[in-house]
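Read the structure below first, then the notes.
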Amino acid sequence: MENKITSESFTIPMGPQHPALKEPGHFQFTVDGEIVTRAYVRLGYAHRGIEKAAESRNWVQDLYLLERVCGICSHIHSFAYCLAVEQLAHVEAPPRAQAIRVLVAELERIHSHFLWMGVSAHEAGFDTLFMYSWRDRETVMDILEGLTGNRVNYSANILGGVKFDVDDVQAASIRKGLDFLEERTNHYLQVLGKDAMFLQRTRGIGVMTRAQAEVLGAVGPTARASNVMRDMRVTAPYSAYRQFSIRMMLDSRGDLEARFQVRVQELLESIRLIRQILDNLPQGELSVHLPRRIPAGEAAVRLEAPRGEVFYYIKSNGTDKPERLKVRTPTICNLNSVIRLAVGHQLADVPMILAGIDPCFSCNDRMVTLADERDGSERLMTWSELRQHGIDFYKQAAK
Amino acid sequence: MKTFGVMLPDVSKSLFRRAATEYYPSIRKATPVQLRGLLHLKLEACTGCGLCAMDCPANAIQVTMLDRKAKIFTVDYHVDRCTFCGQCVESCRQGALHMSSTEWELAALDKTPFLMRIGDTRNAGTNVAAKPENKPAEDKHN
Amino acid sequence: MTLISVLIALFVFPGGLFLIVAGLFYQWFNRKLLAVLQNRIGPRWFQPFADVIKLLAKEEVIPDGVNPYLFIGLPIMALAGALTAAVYVPIAGIAPSYGFSGDLIVVLYLLSLLTLCIGLAGANSLDRFSLVGATRTLTQLFSYEAPFLLAMLGPALVAGSWQVGKITAYAQNHWLILTQPLGFVVALVGLMGKLEMPPFDAPEAHTEIVAGALTEYSGRGLAIFDLGRAVELIIGLTLVSSFYLGGVANLPLFVVKTLLLLFVMVGLQSLLTRLRIDQTIGLWWRYGTLLVLVQWFFMVFA
Amino acid sequence: MNNEEILTLAEQIVKSWDWKTEVSRSQPNQLDVNILNLEQFVPIVVGLRVKRLGYLSAIVGLDLGREANQLEVLYYFCEQSSMIVLHLRIPRQNARIPSLCEVIPSAEVFERELREMFGIEITGLKTIEYLYLPEDWPDGVFPMRKDADLTMVTAQTGKV
């Protein structure tokens, strides 16, 4: 790391490896004293080439590949992929499967928001909140494990439905867990809204106005904290959200505190929705059959991931592999805003502002590192080749 | 209303509470029945169709047909590649596959337990240790 | 006092070795208690010792572009300063080995030597995180030093002496926490600032600047700085407890008092969010100093 | 404004700018606009922006293959559940499209991605440093193109 000190600028690098970043990403902040005057971002350190790799795998295999776009919001990616493929095949998952998908998606949102709360508290130097919120996150992870069979990468979906059913015993254990989580969430709402020391680090920090949020294309809770009405579950309801409606959480302040409030209130709303789904789970089949070859066509779906709107575009050419698959994750939209927001703030606020959008770099870095021309017969050969070159499609960046 | 030390109740309760951290190697929590652990194959039900291998996202399953008429085949299960997604169990039309919910501590010091060869091993012609009993080398559950 | 007993007092007990071991034990108590308050298991009792031994055994990397003498010398100076301060302080319930009129000031400045050395060490290395950390360390030093000093001078004022031994003797009969509660609070919180404990850990806020001034340190240098911090922890606790909590009586009472103080400090650590450096300065000059001055006002006129 | 009104208004804007523009509805909530003349592209986007018909949700690049010898770029403008998709078709050689950064600042990352992955030059794009690809990525290799020779890349860089 060479030293660039001139009379005006002093550049502080953050990343690719930095304690504030749980994943590799590179930020450069030029500071004047403690004030940030310029910010620059470079991505690609967790780039695994998923979009290209998806073109050389069949429709079923892609489901699991895409689930690994992100380790935290893994379900929403396979959810989006399934919706798009089902749209291409002109089938619809049975109502019970749709409800279970939404159930897992909301549990995942709880998991993600709790995780985020802990991480941001840690960035702020409030480790007690970090430890407690992660302790409570275990509850929802246990629920997910008991329901789907895994703590992350739930693999709940198959093309045309879901893998498992929710029986009364599981419903009861979910309800029990939710009661605890609801109590804790209400408590954290108090902590985040009242703790004077914590508010010093969040109130009025990183303010993004509504106009800014719209121009910079912010999505998800980041946008909603600036009073921008963007929530796919409400504005463009998909799957079981058509039956089970959810309220949009908005805040007009646009600062970090608002982002905390929006997310924690979303937790309460998710808990309410999960209870509602459990009470009114439709009866019926769990999956429908999908052909191995998906009819040619194009499909674009937009879903609300915990971090915001996720966009999937799939083009099929009628074979058993997709022709093109495009993933646009929420972080890439929100990253724009963070870069601009950081300027003018104290260096100490930068990790908080960064964490405020809940960045997920492995979500962003998907497209290409290396691809393979592969057909079925050479499967093992090319796989070992891939391994040799060390692309870790599966051992992707932790998280 | 701003106050100081809002987390005081949590902190003070913790003094008299057992740590939430798991004491993992000494105390093992029971795993849920749904857990997707090690894959098991019922050889008598398997027809060697290879659907599981075709759908496996990690190419962890390899079906080699040795004699199509006599239905002699071997199934190689690469435990180290397996992502435990459970798609093979869904894909199998014979119901020959299931995943154990108790066998999940699969780490080993060498690679031998990671290749499990199920089926006819007479003509396989490799020197990989065959594991017909379908289990990793060490049983860590004792 | 024979030469041997002097040497033992200096190197084994109550100075030197004992101080280091006790400091590390207090560090463990700090970490363990914090973990318990956060509902974690926390480290086992030998963890700080293991850390130090591991670091001492490791290679020390001296980065390019630094002054190697300063780089190696600063940690030693810091530890030496802290150990020297211990000579004038009633460690482990034993009256200070040496003392002269006005040694309180010397002790306080020897304690600041550690912080100063850390700041210099950061400024010495060219790493950007170190530089920002050094700036913050020194900025913070100037913010808490004045209120902390004033809070420690409160007992000196009523005892009528600026000698640690005499103040302690006076405090033996007067629990100054009752007569000077504000001073006690400022002294306690000031001690947390001095030790760079959360919420005053902005100089080493690892989510912002990795390890602050000590980012470039590894191996022996880091271990010695760590030992210096451990010694400073115990000296600081001794000073505050002997000034405000009824002087020194005997070893068990001393341990109880200091651990009680540490308990309060850990509780505060677990409840408070890290302050930004500008907020730290604001806190000390706006509230810390004011509180002590109010205390002095009462002392002078009441 | 409901979906139908959004799509109708968008259709009017597009038609009024250039009556030859092909417009179709592949889905009930989707309006596909086939832009034939690149010069019309930015004004149409401005028109959509002014009327607040959707924000830029994503830019998708497509390689239509060697036979078609064309690249396609899809711009997804979304509002509520409606999607307005602008299709741009350009030749594979010397592919060049205008930048939207002046109109929509958030287009920058998408355009940078498009540029490095498909080799489409974006006129007016200020930041042209790689966003995802490594610094030592060879010139002229655009990984998301169907015929990108990536084994060569592995040999050259000797890593990944």
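The values are calculated or read from the model by the stated rules, or taken from the named source; none is laboratory data. The shown structure was predicted, so the numbers you read here are calculated from the model rather than taken from an experiment. Don't worry about glycine lacking a Cβ; one is built from the backbone with ideal geometry, like all the others, and counts go over all protein chains shown.
Among residues of the range B:81-98 that are facing another protein chain (nearest Cβ under 8 Å), those with a Cβ under 8 angstrom from a residue that is of a type in the set (Val, Ile, Thr), sequence gap 6+ or separate chain, pair up as B:Gln87/A:Val60; B:Gln87/A:Ile158; B:Glu90/A:Ile158; B:Ser91/A:Val60. Just the residues that are surrounded by fewer than 24 Cβ atoms within 10 Å (Cβ to Cβ), β-branched (Val, Ile, Thr) and not in a helix (DSSP H, G or I), please, taken from the range A:177-227. Passing the criteria: A:Ile205, A:Val207, A:Thr209.
Conditions tested, residue by residue: (1) within 20 Å of A:Asn150 (Cβ to Cβ); (2) modelled with pLDDT under 85; (3) among the basic types (Lys, Arg).
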{"site": "B:Leu66", "(1), (2), (3)": "no, yes, no"}
{"site": "B:Cys82", "(1), (2), (3)": "yes, no, no"}
{"site": "B:Gln87", "(1), (2), (3)": "yes, no, no"}
{"site": "B:Ser100", "(1), (2), (3)": "yes, no, no"}
{"site": "B:Ile118", "(1), (2), (3)": "no, yes, no"}
{"site": "B:Lys135", "(1), (2), (3)": "no, yes, yes"}
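Pairing each residue of the range B:18-33 that is over 23 Å from C:Leu33 (Cβ atoms) and within 13 Å of chain A (Cβ to nearest Cβ) with any residue that is acidic (Asp, Glu) and part of a loop (DSSP other than H, G, I, E, B), provided the two are 6+ apart or on different chains, yields C-beta distances under 8 Å for B:Lys29/B:Glu22.
Just name the residue that is farthest from the other protein chains (Cβ to nearest Cβ) out of those in the range A:34-61 that are small (Gly, Ala, Ser) and either more than 22 Å from A:Gly318 (Cβ to Cβ) or surrounded by fewer than 21 Cβ atoms within 10 Å (Cβ to Cβ) (or both).
Restricting to residues being small (Gly, Ala, Ser) and either more than 22 Å from A:Gly318 (Cβ to Cβ) or surrounded by fewer than 21 Cβ atoms within 10 Å (Cβ to Cβ) (or both), the top hit is A:Ala39.
Restricting the range A:164-176 to residues that are assigned to a helix (DSSP H, G or I) and free of Cβ contacts under 8 Å to residues at least 24 places away in the same chain, the residue that is farthest from D:Val50 (Cα to Cα) is A:Val169. With respect to the conditions (1) among the β-branched types (Val, Ile, Thr); (2) within 30 Å of C:Ser125 (Cβ to Cβ); (3) in a helix (DSSP H, G or I), C:Val240 falls short on a single one, namely (2).
Got a sec? Which of C:Pro63, C:Pro43 is more than 29 Å from C:Val264 (Cβ to Cβ), part of a loop (DSSP other than H, G, I, E, B) and not polar (S, T, N, Q)? Let's see the steps before the verdict.
On the way: C:Pro43 fails: more than 29 Å from C:Val264 (Cβ to Cβ).
Testing whether each residue is more than 29 Å from C:Val264 (Cβ to Cβ), part of a loop (DSSP other than H, G, I, E, B) and not polar (S, T, N, Q) leaves just C:Pro63.
Condition test on C:Leu24, is it touching a Pro at 6+ places or on another chain (Cβ under 6 Å) and closer than 26 Å to C:Leu120 by Cα? When the stated conditions are applied, C:Leu24 passes them. Against the numbered list (1) at pLDDT below 85; (2) within 11 Å of another protein chain (Cβ to nearest Cβ), D:Glu102 comes up short only at (2).
Within the range C:116-127, the set of residues being of a type outside the set (Gly, Ala, Ser) and in contact with a helix residue (DSSP H, G or I) (Cβ under 8 Å, 6 or more places away or on another chain) comprises C:Leu116, C:Cys117, C:Ile118, C:Leu120, C:Asn124. Contact annotation: residue pairs with Cβ atoms under 7 Å, 6 or more positions apart or on different chains, pairing a residue in the range C:216-230 that is at positive phi with a partner that is not in a loop (DSSP other than H, G, I, E, B), are C:Gly219/C:Leu55. Look at (1) of a type in the set (S, T, N, Q); (2) surrounded by fewer than 21 Cβ atoms within 10 Å (Cβ to Cβ); (3) in a helix (DSSP H, G or I) and you find that C:Ser130 fails only one, number (2). B:Lys42 fulfils the conditions (1) more than 7 Å from chain A (Cβ to nearest Cβ); (2) free of Cβ contacts under 8 Å to residues at least 12 places away in the same chain; (3) charged (D, E, K, R); (4) surrounded by 14 or more Cβ atoms within 10 Å (Cβ to Cβ) except for a single criterion, (2).
Scanning the range D:78-99 for residues that are surrounded by 15 or more Cβ atoms within 10 Å (Cβ to Cβ) and more than 11 Å from chain A (Cβ to nearest Cβ) yields D:Ile84, D:Leu86, D:Leu88, D:Arg89, D:Ile90, D:Arg92, D:Ala95, D:Ile97, D:Pro98, D:Ser99. Scanning the range B:68-79 for residues that are at pLDDT 85 or above, more than 10 Å from every other protein chain (Cβ to nearest Cβ) and more than 11 Å from B:Gly48 (Cβ to Cβ) yields B:Tyr77, B:Val79. Considering only residues in the range A:135-149 that are surrounded by fewer than 21 Cβ atoms within 10 Å (Cβ to Cβ) and free of Cβ contacts under 8 Å to residues at least 24 places away in the same chain, the one that is nearest to C:Leu275 (Cα to Cα) turns out to be A:Arg135.
The condition (being within 24 Å of the chain's Cα centre (by Cα) and over 30 Å from D:Val109 (Cα atoms)) is satisfied by just one residue among A:Thr128, A:Thr202, A:Thr139: A:Thr139.
With the condition kept exactly as written, say whether any residue in the range D:63-71 is in a strand (DSSP E or B) and within 18 Å of D:Arg25 (Cβ to Cβ). Don't jump to the end; show me each part of the working.
Here is the first cut: in the range D:63-71, the ones in a strand (DSSP E or B) are D:63, D:70-71.
Narrowing further to those that are within 18 Å of D:Arg25 (Cβ to Cβ): none.
No; the residues of the range D:63-71 include none that is in a strand (DSSP E or B) and within 18 Å of D:Arg25 (Cβ to Cβ).
Every condition in (1) more than 14 Å from chain C (Cβ to nearest Cβ); (2) farther than 30 Å from A:Arg292 by Cβ; (3) buried (at least 24 other Cβ atoms within 10 Å of the Cβ) holds for A:Ile100 except the one numbered (2).
Are any residues in the range D:38-52 in a loop (DSSP other than H, G, I, E, B) and either more than 13 Å from chain A (Cβ to nearest Cβ) or without any contact (Cβ under 8 Å) to a residue 12 or more places away in the chain (or both), and if so, which ones? Within the range D:38-52, D:Lys51 is the sole residue that qualifies. Residues in the range C:37-51 that are of a type in the set (A, V, I, L, M) and surrounded by fewer than 20 Cβ atoms within 10 Å (Cβ to Cβ) were compared, and the one that is modelled with the lowest pLDDT is C:Ile41. Just one of the listed residues (D:Arg52, D:Arg89, D:Arg66, D:Arg25) is among the basic types (Lys, Arg) and either under 18 Å from the mean Cα position of the chain (by Cα) or closer than 23 Å to D:Arg112 by Cβ (or both), and it is D:Arg89. The single condition among (1) part of a helix (DSSP H, G or I); (2) under 19 Å from the mean Cα position of the chain (by Cα); (3) more than 14 Å from chain A (Cβ to nearest Cβ); (4) surrounded by 21 or more Cβ atoms within 10 Å (Cβ to Cβ) that C:Pro203 does not meet is (3).
Can you name every residue in the range A:309-349 that is of a type outside the set (A, V, I, L, M, F, W, C), part of a strand (DSSP E or B) and at pLDDT 85 or above? Passing the criteria: A:Glu309, A:Tyr312, A:Tyr313, A:Lys315, A:Ser316, A:Pro322, A:Glu323, A:Arg324, A:Lys326, A:Arg328.
Within the range C:157-168, identify whether any single residue is farther than 16 Å from C:Ile277 by Cβ and touching a Lys or Arg at 6+ places or on another chain (Cβ under 7 Å), and answer yes or no. First the steps, then the outcome.
From the range C:157-168, those farther than 16 Å from C:Ile277 by Cβ are C:157-168; that's our starting set.
Still in the list and also touching a Lys or Arg at 6+ places or on another chain (Cβ under 7 Å): C:159.
Yes, that holds for at least one residue.
Would you check which residues across the range D:107-133 are assigned to a loop (DSSP other than H, G, I, E, B) and within 10 Å of chain A (Cβ to nearest Cβ) and list them? The answer is D:Thr127, D:Glu129, D:Tyr130, D:Leu131, D:Tyr132, D:Leu133.
Of all residues in the range C:108-151 being away from every other protein chain (no Cβ under 14 Å) and among the aromatic types (Phe, Trp, Tyr), which is nearest to C:Met77 (Cα to Cα)? Per the stated criteria, the residue is C:Tyr109.
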